[in-house]
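The values are calculated or read from the model by the stated rules, or taken from the named source; none is laboratory data. Computed from a predicted model, the values in this text were never measured in an experiment. Every residue, glycine among them, receives a Cβ derived from its backbone with ideal geometry; neighbour counts consider all protein chains shown. For accessibility, only protein heavy atoms count, side chains too; no ligands or nucleic acids. Shrake-Rupley method; radii C 1.70, N 1.55, O 1.52, S 1.80 Å.
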Amino acid sequence: MIRVRFQSVAALLFLVSLHSARVMAQEHGERTLDEIKAEAIHRAENGMYPLIGLDPQDIREALAGIKTRDKDEWASAFMAVADRYMQEGPTFETSDPVKANADFIRAWRLYSFGRWPVPTSPGKQRSYEKALEAFRAHARFLDPPLETVHIPFEKSEIIGYLRLPKNSNGPVPLVIVVNGLDSRKEDLAENFAPILSHGIGFLAVDGPGTGQSPIKVSVDAERMLSHVIDYVQTRPEVDKSRIAVHGVSWGAYWATKLAIVERERIRGASAQSPPTDMFFQKDFLEHSLLGNREYLFDQVPALMNIFDGVTNVDELTTQLEKMSLVKQGLLGKPMAPMLVLAGVLDTQVPISDIYLLLNKGDTPKMAWINPQGGHLGRQVKVWPDPIILKQIIIPWLVNVLDVQSKPN
């Protein structure tokens, strides 16, 4: 490990328009259905994304009912398994609340994988809605409690999950956490629970173009997250002078951008595999993202979905190029302190984007680069997501937010 310091269409139109992307993806090795099934089971057995926390037997049961790549068929198979746990949970809420909560968690994760990577069909959308319902059922058991916040924004609203440390004295520091392309705020709200014992709260939100976000991705979509900062600064429980941002993948892009445009209002930003420039170029899209096998399936169609009006690879190319932080003239400007995490073997975000970021700005950055790591720095059974969070990310956030007390 190296540590070093450095000075996104309507659903039907979308489905009709994916043909060219699929053809190109097949040319670059997109998995067949049988390959997807085998890889999904392998990942479930080894605790690998996007099947972290899922029971391999549940996965086998759902996959056995899937015969085609039809999105609704996929969703229906996973909902059938998840429904069993969702129906069982309430029967144990009084007699065995631990089991009831476990049922709701199991249902949530299965429903969520039923809508994965993005809910681009009626069935997948239904699976996503059920995932939200199951997560809310699980959230009833959380202590300290989870508060669903509704932040008015541009004739719509930003929905987030706020959790604050238990028995805190006075305003507490807080981390705004932003998901990636296919993860959701529910995932981050679950994953970030360990930070509460350090006296730090968090607010999990869906990034632009994902989940329940009110806007799609655009060159100025960070305005939504700036509004989230506005909101947390109005909460009396939050120390407005000690706010940080954490993002994964696409969320890391937004975290990096906020480190520049909101440097006066945040103490720092941690970013796992943040795309900055080469990721957004046509060559990388065509030769690395189409048919990418580090990604389970349908990465490029998922990317199309987070932009407004993108229906083919050419349109996606045009929109992606606008997102480069170099093209926007942002890299090189003053920045808030950052922790940048990445894997040298990442095929989804080029390591050159990480090195470029580390060499820009005016404030020293902390880098955690895993030479044997893939996307987000993950390394199977060596550096899984929970270990990276607990051993690398949380300690850095504790330090940058100037938290002196020991964990409870």
Considering only DSSP beta bridges with both partners in region 157-268, what is the antiparallel share in %, to the nearest 5?
25
Enumerate the calculated ³J(HN,Hα) couplings along region 208-220 in order (Karplus 6.51 cos²θ - 1.76 cosθ + 1.60, θ = phi - 60°), each rounded to whole Hz, writing x wherever the residue is Gly or Pro.
x, x, 10, x, 9, 4, x, 9, 8, 6, 7, 5, 10
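What is the percent carbon and sulfur in the accessible area of region 239-332, measuring with a 1.4 Å probe over the protein chains and ignoring ligands? Each step should come with its number before you reach the end.
On the way: 1210 of 2880 Å².
The nonpolar share, carbon plus sulfur, comes to 42 percent.
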Over 32 Å (Cα to Cα) - which of K124/K282; K99/K155; K71/K333; K124/K381 fall in this group:
K99/K155; K71/K333
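Suppose we keep just the DSSP beta bridges with both residues in region 53-201; what percent of those would be antiparallel, to 5? Walk me through the numbers on the way to the answer.
Numbers: 8 of 9 bridges.
Here the antiparallel bridges make up roughly 90 percent for region 53-201.
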Peptide ranges 31-42, 236-247, 174-185, 71-82 listed from the most packed, as the mean C-beta count within 10 angstrom indicates
174-185, 71-82, 236-247, 31-42
Could you give the accessible area per residue of the chain, probe 1.4 Å, as a whole number in Å²?
40
Of the options G114, V149, H138, report the single residue whose Cα projects farthest towards the positive end of the charge dipole of region 20-166 (beta-carbon charges: Lys, Arg +1; Asp, Glu -1).
V149
Please state the charge dipole magnitude for the chain, taken about the Cα centre, from unit charges on C-beta atoms (+1 on K and R, -1 on D and E), reported in debye and rounded to the nearest 20.
940
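Among D206, D96, what's the order by accessible area (1.4 angstrom probe), most exposed first? Please list the in-between numbers first.
Numbers: D206 5, D96 60 Å².
So, going from the largest accessible area down, we get D96, D206.
What 222 nm value per residue comes from the helices of the chain, counting each DSSP H run with n ≥ 4 as -39,500 (n - 2.57) and dividing by all residues, nearest 500 deg cm²/dmol?
Values: 15 runs with 158 residues, N = 408.
Helix-only estimate at 222 nm: -11500 deg cm²/dmol.
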Report, for the chain, the % of DSSP beta bridges that are antiparallel, rounded to 5.
40
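Of the accessible area of region 121-187, with the probe set at 1.4 angstrom, what percent is carbon plus sulfur?
On the way: 1350 of 2760 Å².
Using a 1.4 Å probe with all protein chains present, region 121-187 comes out at 49 percent carbon and sulfur.
Roll a 1.4 angstrom probe over the protein heavy atoms and tell me the percent of accessible area of region 35-104 that is carbon or sulfur. If you can, show how the numbers build up before the last one.
Details: 1770 of 3270 Å².
Looking at region 35-104 in its full context, I get 54 percent from C and S.
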